[in-house]
Amino acid sequence: MSENGTDKPPHVAVAIVDAHCLLREAIGTWLERWCGIRVVWTGATYEELEAALAAGLKVDLVLVGLGVGEDAGFDVLRSLAEERPRLKCAAYMHRHDEATMLLAYRIGALALLHGAVPGDAVCSALKTVMVGGVFHSPVSQGLLMKNPDGLTQVERNRERLRKQLTAKELEVLELLVRFPGYS
């Protein structure tokens, strides 16, 4: 029997994209040891992943690291959604907030793993994604039930205010924000 508790060799090939080297290596080691998932590639950017895929790398799932206040992981998710929509994607983050979670799902993450998701659920989540499902933790499920449109309250308020402005008023407001010296 293997370390991951199965008689079968790991058959899921995962690529991990995270700007933080230590995090991606630690997560990769953990996934291989406890979930029976082969991590076949790790890197920091979408461009690195794309080059590896173009060179023949075969993966079943891309796991993307997200950080609160960091755009890099979201850019990877957007690029995958636009350029490789058939490739399954999941995301992980140590700390989370509502806006980050909702944005990750809106962009196309099929699972969002965070500190409140126990280890055995992480393995189940990735298996769920591999068979075409979407995984929700109790936290993300509650969040999406509270926000069925996928927007945070701040985003809803912004959209409501934007709809109250005429096209010209919106244009003037955007110019004032972009060029603060204008009056």
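The values are calculated or read from the model by the stated rules, or taken from the named source; none is laboratory data. For clarity, every value in this text was computed on a predicted model and none was experimentally measured. Cβ sites come from the backbone with ideal geometry, for glycine too, and all protein chains shown count toward neighbours. Side chains included, ligands, DNA and RNA excluded: accessible areas come from the protein's heavy atoms. Shrake-Rupley method; radii C 1.70, N 1.55, O 1.52, S 1.80 Å.
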Self-check item: Options Trp41, Trp34: the member that is among the aromatic types (Phe, Trp, Tyr) and touching a residue at least 40 places away in the same chain (Cβ under 8 Å)
Solution: Trp34
Quiz prompt | Among residues of region 104-117, those that are at pLDDT below 90 and of a type outside the set (A, V, I, L, M, F, W, C), counted | solution = 2
Self-check item: Residues (exposed (fewer than 15 other Cβ atoms within 10 Å of the Cβ) and either closer than 18 Å to Pro118 by Cβ or modelled with pLDDT under 95 (or both)) located in region 31-59
Solution: Arg33
Quiz item: Can you tell me which of Ala99, Ala91, Ala111, Ala104 is among the hydrophobic types (A, V, I, L, M, F, W, C), open to solvent by 10 Å² or more (accessible area, probe 1.4 Å) and touching a helix residue (DSSP H, G or I) at 6+ places or on another chain (Cβ under 9 Å)?
Solution: Ala99
